[in-house]
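Attaching a single structure in C-alpha cells format; questions to follow.
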Amino acid sequence: MTGNELREKFLKFFESKGHTIVPSSSLVPHNDPTLLFTNAGMVQFKDVFLGLDKRPYSRATTAQKCVRAGGKHNDLDTVGRTARHHTFFEMMGNFSFGDYFKRDAITYAWEFLTVVLGLPKEQLYATVYLDDDEAFNLWLELTEIPKERIIRLGEKDNFWAMGDTGPCGPCSEILIDRGEEYRCNAPECGIGKCDCDRWLELWNLVFMQYNRDENGVMTPLPRPSIDTGMGLERVASVLQNVQSNYDTDLLKNLINYIEKMTGKTYYADDRGFPFRVIADHARSCTFLVSDGVLPSNEGRGYVLRRILRRAARFAKVLGWDKPFLCEMVPVVVSLMKGAYPEIEEKQEYIEKVVRIEEERFHETLSEGMRVAEEIIERTKKEGSTQLNGEDAFLLYDTYGFPLDLAEDIAEEYGMTVDKNGFNAAMNEQRERARAARSDSKAFDEAVAMTSLLNGVPETEFLGYELLSTESKVLALIRANEKVSAVSESVSAYLILDKTPFYAESGGQVGDTGIIQGPAGNALVKDTQKLANGIYLHHIEVEKGILKVGDIVQARVDGEKRKATARNHTATHIIHRALRNIIGEHAQQAGSLVGPDRLRFDFSHFSGLSNDEIAQVEDMVNRVVLDALNVEAFETELDKAKTLGATALFGEKYGDKVRVVKIGDYSMELCGGTHCRSTGEIGLVKIVSEAGIGAGLRRIEAVTGHNTRELFKEQENLIAETAQALKTIPPEVVKKAHAVMLELKNKEKEIEALQGKLAKQATGDILDRVEKADGVNIVVAEVLASDMNALRSTADLIKDKLKSGVIVLGAVAQDKVNFVAMVTADLKDMGLHAGNILKETAKAAGGGGGGRPDMAQAGGKNPERLPQALETARKIIKEQILKNQS
C-alpha cells in the first residue's frame, strides 16, 4: 500500500464513521502565540477543545502536515540518525468534540488497524496511563489484546500535552512488535524500557480532558474529547515491510534523486545519514515556505534557516558545492501535490526562496570556516586543547555550523569541544527565543473571558449594513469579573446581543463609537471578538450608569469607519497591483488597516525601484478613478477558490467564507468593511516602501482625506523651502541646484586657502622641531576645519620631516581632533601612534587609537588641548628613553 493510498483509506474509513474530512491547516498556527509550528493534528482544533470555537461538526478526521523543529517538540538534531524521526511529517487523526470518548476511540482504532490494514493482531500491544483503569478494561473488552500485552506507563510516556500550556490528558498508545531483527542491545529490551525500532508506536489515542495554564494548573475541559495521531510515514514503513520511514515510497524517491545528482550510493547505515537529512529537510523547506515562512534570524524564520542550511551543509558533505536543495523542490512537489496542491501552485516561488538562502549560506560557510580557523589559532595560543562552548555556539548560531561540524574541525587539530558550555549557550538562546515569542497572556485572557461568559450567546454582527443599532446589554466585565453595572469613569467590557461595531480582525482595527443608555453613556475605545463569536466592546463610561439588561443605542464613529473602509479596499487594490507588476509571488504577509493609514506587508526579494513604485501607484489610482463596483458575498470555501478568490497565508477559513470582489480586477476572501465603489477611496499615495525581514517588504500608504492632508503638508514644505531660497515653488529645484553649485565652488576655494595655510603652518612648525635621542618630534596645535584637513597637514609635515613622530591637535566645532604619525624607520623603537594618541585624547576628555604608523582620535574639551599635547610630548620622550635603555 502506497503512502497516498494509506492516507486516502484512513480518511475514507473515518468518513464512513460519521467524521467530516477537514483539510490540513497551515504549518503556521492561526492566532496561537504558544506554538512556533503546527506540531500535531489537533492544533487547528485547539479552540474547539477549549470551548472558544464552534464547528458545524462534532467528529472530524484529517491528514495534517506537521513540523517538529522548535519549541517543546523538536526533532531536528535526531533526524537521519533514527528510522522514524522527521522535522516534517504527516499526522493522520480522528477527533471527537464532546461526542464519543474512550470506548469508540479504541473500537475505531482496532478496526482500522486489524480489518482495513490487516495488521497481525498477535503483534499489537497497547499502553495506558498508570491510573487509567477505564482504558485498561476497555482494551480487554473491545479487542483481542490479552492483559499481558496491555502495559501501564507513567506521565512521561502516557500523558500527552501539545505544549507547555493548552489541552492535555491521559493517552493510550498502540504499538507493533516488528520482531527480533529490530531489537536493540539494551539488557532489558521492551515497551517502556527502551526506545528501539522493534516496539514501534503506531497510534496515540489522547483522551483530552484538561487544559493546563502557565502555572501548570489543570482544569477540566468543557467537554471530554478525543484527539488521536498516527504518523503516516511510520505506518507506511510497516505496510511496505521496510526497515525505516526513509525506505518508504514517501521518501525513497527523494533519496534516489540525491544519489542521481551526487553520484554517491545510499546505504541504510550511518553512511546514509546525509541522504536522510537532505530528504527530510527538502520536504520541510518546501512546505514551510509554501505556508509563508521565510528565512530570518528569529522565530519561525530562524528555524527554517537552520533546517535549510543543515541540508545544504550535508549536500557539501556529499560533494555538492552549489545550491542543491532548490533542485529538490520539484521532486517534493511531484510526490506530494495530490494531497497538497498548494505546493504546486507556489513551486516557482518556493524554489526562488530556497535558492537565494542556499547562495547566502555558501557565502556564510566560507566566512565561517575562516572564523573557525581563527578560533583554533587563538585556542592554541592560549595553550588549551578544548574549544570553549561559546565559540562553538557562535559557529552554530551565526554560521550554521552544527556541533558535530565544530567537533570535526577541532578533531583535525587534535582538539575537543566543550559540550557543556555549548549546551549552556544553547539553553540561553532558547530562553531568549521563548521570551521573544508572542506573549500568550492575551490567549489565556481569552480563555478566562470565555469561561466568564459561559451561556452568553454569540453576538449578531450587523455592521456591514448598519452603523447604529438598538441593542440589549447581555453582560459587563470589569477587572476579570462579571458585574451588573458600571458607573462614570469606569473601564469595562460590554457585551451586546447585536452590534454594528466591527471587531478587530484580518488586519483591520476594531470600531470605536458611543453606547447611549437610558441612564448613561460610554465611549467605545476598541472592539475585539472571542473565538466563540462574542464581541467585546471596550468601554469607558463618560456619564451616568450602564446596567445589564439596558436597551442601548450602539453607534459607530461613521467618519472613522469610512476612512478605514477606504484603506481596506485600497489594500486589496495594492495587493493585485503588486502581483501584476512584480510577480504572483508577491503574496500578502500581513497588514494593518486603520482610519489614518494602511500598512501592507508582502513577500519579495528586493526593494522596489522608484519606477516600480510609480507603476504600482499609477495602476492603483487608475482602478480608483474607474470607480469599479465593490461587492461582498458569502459562498462555500471550495466555490470561492474555484471562482479564483485569493486566500491569504495563515488565515483560518470556515466552510462558509465572505468574498470581496472589485470589478473584474480583484477577488479576495475577506471579512472586513469596504467601500461600495473604488471611487470612494479618493486617491492613494504610497508614502514608503522598505524591507522588514529576509524576503519581506512593507508598503505604507494613505487614502482619501489623509492623502489631501499629506499633499497640503508637502505643499507647505515646498513653499517654505522656496521662501528660504528666495524663489518661487516652481523654481525650487533649479534654485537648489544653483545654491549647491555655489557651495561646491566655495568649498573648493576654502580647501585651496586651507592648503596654503597648512603649507605656511608647516614651515613654521618645522622651524620648531624637537629632538630626543636623535628622533625628530613634532607636537603642535594647528588650524584645521575637520579631521581630513588635520590629516593633510600631518602628511605635509611627514613628507618634509622624512623621519620622526608627529602629533597634531586642532579645535573644530567645539571639539578637539588629534592625528598621530610615526614614520616607518622608527617602528622598531616601540613607538606606536595608536598608543600615543589613546592617552593624548584621554587628556582632552576623549578616546581613540589606531595603527602603529597612523592614528586619529577626538576629544570633548577644547580648553584641555594644550594639556593633552603636553601629555603626548611626555609619552613620546618616555618611549624613546625606554627604547634607549
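The values are calculated or read from the model by the stated rules, or taken from the named source; none is laboratory data. Since we're looking at a predicted model, the values are computed, not measured. For neighbour counting, all protein chains shown are included, and Cβ atoms are generated from backbone atoms with ideal geometry for every residue, glycine included. For accessibility, only protein heavy atoms count, side chains too; no ligands or nucleic acids. Shrake-Rupley method; radii C 1.70, N 1.55, O 1.52, S 1.80 Å.
Write down, largest first, the equivalent ellipsoid semi-axes of region 654-795 in whole Å, where each equals the square root of 5 times an eigenvalue of the alpha-carbon gyration tensor.
63, 26, 10
So for the pair VAL483, THR82, with labels modelled 7 Å out along Cα→Cβ, what separation do we get in nm?
Output for this residue pair reads 5.3 nm.
Sum up the charges of everything whose Cβ sits under 14 Å from the Cβ of ARG791, counting Lys and Arg as +1 and Asp and Glu as -1, but leave ARG791 out.
-3
For the chain, find the longest principal axis of its Cα atoms and tell me its angle to the long axis of helix 441-452, 0 to 90°, nearest 10.
Once rounded, the angle reads 30 degrees.
Taking the highest mean first, how do the peptides 92-104, 767-779 order by number of other beta carbon atoms within 10 angstrom per residue?
Top to bottom by mean Cβ count within 10 Å: 92-104, 767-779.
May I pose another question? Under Stokes-Einstein, with the Kirkwood radius over Cα pairs standing in for Rh, what whole-number D in µm²/s applies to region 558-620 at 4 °C and 1.567 mPa s?
Rounded, D is 106 µm²/s.
Still on this structure, please answer the following. Can you pull the one-decimal nm distance between simple spin-label points at ALA719 and GLU181, each 7 Å off the Cα toward Cβ?
Each label point lies 7 Å from its Cα, and together they span 9.0 nm.
Once a ≥ b ≥ c are taken as the square roots of the eigenvalues of the Cα gyration tensor of region 45-131, is the result rounded (a/c under 1.5), prolate (a/b larger than b/c) or oblate (a/b not larger than b/c)?
Values: a/c = 1.88, a/b = 1.10, b/c = 1.72.
The shape class here is oblate.
Stick to Cα atoms and the Kirkwood definition of Rh, then tell me Rg/Rh for region 256-332.
Ratio value, two decimals: 0.98.
Continuing with the same structure: Any idea what angle helix 787-801 forms with the longest principal axis of the chain, computed on alpha-carbon atoms, 0 to 90 degrees, nearest 10?
50 degrees
Per-residue counts of other Cβ atoms within 10 Å, averaged by peptide: what ranking do you get for 34-42, 7-15, highest first? It would help to have the intermediate numbers written out before the result.
Working: 34-42: 25.1, 7-15: 17.6.
Result, highest mean Cβ count within 10 Å first: 34-42, 7-15.
For a quick check of understanding: with a 1.4 angstrom probe and all protein chains in place, what accessible area in square angstrom does HIS85 have, to the nearest ten?
Here the residue's solvent-accessible area equals roughly 40 Å².
Filter the cross-link list LYS482/LYS525; LYS102/LYS193; LYS156/LYS652 down to pairs whose alpha-carbon distance in this structure exceeds 22 Å.
LYS102/LYS193; LYS156/LYS652
With r as the distance between the Cβ atoms of GLU504 and ILE581 and R0 = 30 Å, compute the FRET efficiency 1/(1 + (r/R0)^6) and round to 0.05.
0.50
Measure off, as a whole percent, the carbon and sulfur share of the 1.4 Å-probe accessible area of the chain, all protein chains present.
Details: 19570 of 41020 Å².
Percent of accessible area from carbon and sulfur atoms in the chain: 48.
Using only the C-alpha atoms of region 586-659, find the volume of their convex hull and express it per residue in Å³.
144 Å³
Hey, what's the chain come to in accessible area per residue, 1.4 Å probe, Å²? Kindly include the intermediate steps, with their values, before the conclusion.
Working: 41020 Å² over 885 residues.
Value for the chain: 46 Å² per residue.
Which value does Rg/Rh take for region 103-189 over its C-alpha atoms, Rh per Kirkwood?
1.00
Beyond 23 Å, what share of the Cα-Cα pairs of region 593-731 is found? Please give it as a whole percent.
Tail fraction, whole percent: 50.
Net charge near THR265, counting Lys/Arg +1 and Asp/Glu -1 over other residues with Cβ under 15 Å of its Cβ?
Here the count lands on +1.
Extending each Cα 7 Å along its Cβ direction at ALA738 and GLU770, get the distance between those two points in nm, one decimal.
Between ALA738 and GLU770, the simple spin-label model gives 5.4 nm.
If packing is taken as the average number of other Cβ atoms within 10 Å across a peptide's residues, how do 694-701, 554-561, 210-217, 51-58 rank, most packed first?
Packing order, densest peptide first, comes out as 694-701, 554-561, 51-58, 210-217.
Please give me the summed charge of the neighbours of GLN884: other residues whose Cβ is under 11 Å from its Cβ, Lys and Arg +1, Asp and Glu -1.
0
With angles folded into 0 to 90 degrees, how steeply does helix 102-111 sit against the dominant principal axis of the chain? Use alpha carbons for both and round to 10.
It is inclined by approximately 90 degrees.
Let me see the P(r) profile for the chain: every Cα-Cα distance counted, bins of 10 Å, each bin given as a percent of all pairs.
Pair shares across the bins are 2, 10, 15, 17, 17, 14, 11, 8, 5, 2, 0, 0.
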